[in-house]
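> Below you'll find the structure I mean.
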Amino acid sequence: MTEHLISQGSALYKGVSAFEPYINELHKRYESEDFIDWPTIVLATTLQTTCISLFKLLPAREFGNEPLDKRSIASIVRNVVDTHDVIDMLVNEQDSERFNLHRDIMGLYLSSRINKVQSEILPEKAQEIYKHTKQWYWERIKNSELYEKSMDRLKSGEALFYQSRRQRLSNACGKHADFVSGVLADLSTYVHSIPPSIWISDASNMYSDNESNRNTVAVWLRISNFYFAQSMKAVVDFSDMETSEAMAEFMAHHEYVFSE
């Protein structure tokens, strides 16, 4: 690997290794009913498995003839960012009223998705309760003292966020938000069925395992590691577990997207 990719790949591995004992402990605590907040457990486990998949996609240390699968890496990095945004919304909210509001938004979203899947795939087995819970959650959201007009986009049950991506980027990345926004926009183009970023590349270079592509992936990994660390902190704080030395080191190293 190039120097930058070695550094970020090693950091990702350390993050995954540090978080694994916490995932196991969360599941044990859930089984013993010491910690029953299943959204936190599901999201934390999803994050961990996503980061493991990301690590497995990284190229070998030495350059080889195998293609560098930038499309898959781009897709997974975007998933890490999106999972962080859900964790930040559903787990990392300090205000109790807004925390409850966000859980109602989750209920609306899940009820809507379950109803849609059941009614269109197994209509004869569709459960009526999800039609009613969808409306019930929406009424709770609408009547909340924290209700704002931007929440109207949630009524269909097709979305979870009422804040724009720009707002979420600013909240997470601070002064680095503009740069990260540009990188995420580039990542998105790799996920398209006709990827614009690949079309404007040299045909012989677009999937090559070369220094230029590795340096690009290293930047993606730095951003992914930042979001991984911030999500970790939210989960550990919310579940009231002690922070290990390895995890503290990882989180401290990724307190900001890039060096301040």
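The values are calculated or read from the model by the stated rules, or taken from the named source; none is laboratory data. Note that the coordinates shown come from a computational prediction; the quantities given were computed from them, not determined experimentally. Because the Cβ atoms are built from the backbone with ideal geometry, glycine has one as well, and the counts that use them run over all protein chains shown. What goes into the accessible areas is simple: the full protein's heavy atoms, side chains included, and nothing from ligands, DNA or RNA. Shrake-Rupley method; radii C 1.70, N 1.55, O 1.52, S 1.80 Å.
> Using a 1.4 Å probe on the protein chains only, how many percent of the accessible area of segment 105-260 belongs to carbon and sulfur?
53
> Based on the alpha carbon coordinates of segment 98-142, what radius of gyration and maximum Cα-Cα distance (Dmax) apply, in Å?
Spelled out, the Cα radius of gyration and Dmax of segment 98-142 are 11.2, 37 Å.
> Follow-up question, since we're still on this one. Ignoring ligands, DNA and RNA, what accessible area per residue does the chain give at 1.4 Å, in Å²?
Result: 54 Å² of accessible area for each residue.
> Also: Could you tell me how far the Cα centroid of segment 43-110 sits from the Cα centroid of segment 213-260, in Å?
Computed from Cα coordinates, the inter-centre distance equals 12 Å.
> Heads up, I need the accessible area for ASP69: 1.4 angstrom probe, whole protein in place, Å², nearest 10.
For ASP69, the solvent-accessible surface is approximately 60 Å².
> Please sort by residue number the GluC sites (Glu not before Pro) in segment 1-58 whose DSSP state is loop and whose Cβ has at most 16 other Cβ atoms within 10 Å.
Passing both the DSSP loop test and the Cβ count: GLU33.
> A follow-up question, please. Would you kindly give the portion of the calculated P(r) for segment 96-237 that falls above 25 Å, as a percent of all Cα pairs?
Taking all Cα-Cα pairs of segment 96-237, the fraction more than 25 Å apart is 52 percent.
> Can you pull the accessible area of ILE73 for me, 1.4 Å probe, Å² to the nearest 10?
Counting only protein heavy atoms, ILE73 exposes about 0 Å² to solvent.
> Which is the longest run of the chain containing none of the chymotrypsin sites (Phe, Trp or Tyr not before Pro) found in DSSP loop states (not H, G, I, E, B) with at most 16 other C-beta atoms within 10 Å?
Formally, the longest exposed-site-free interval is 64-146.
> Could I ask something else about it? How much accessible surface area, in Å² rounded to 10, belongs to the heavy atoms of ILE23 with a 1.4 Å probe?
Here the residue's solvent-accessible area equals roughly 10 Å².
> So what is the calculated 222 nm ellipticity per residue for the chain, using -39500 (n - 2.57) for each DSSP H run with n of 4 or more, over all residues, to the nearest 500 deg cm²/dmol?
Mean residue ellipticity, 222 nm, calculated: -22500 deg cm²/dmol.
> Over the chain, one equal point on each Cα, no solvent: what is log10 I(q)/I(0) by the Debye formula at q = 0.07, 0.08, 0.10, 0.15 Å⁻¹?
-0.29, -0.38, -0.59, -1.17
> Over the Cα atoms of segment 1-47, what Rg and Dmax result, in angstrom?
Rg then Dmax for segment 1-47, in Å: 14.5, 46.
> In Å and whole numbers, how far do the C-alpha atoms of segment 1-106 stretch along each principal axis, longest first?
53, 28, 19
> Give me D for segment 95-175 in µm² s⁻¹, whole number, from Stokes-Einstein with Rh from the Kirkwood sum over alpha-carbon pairs, 20 °C and 1.002 mPa s.
Answer, rounded: 156 µm²/s.
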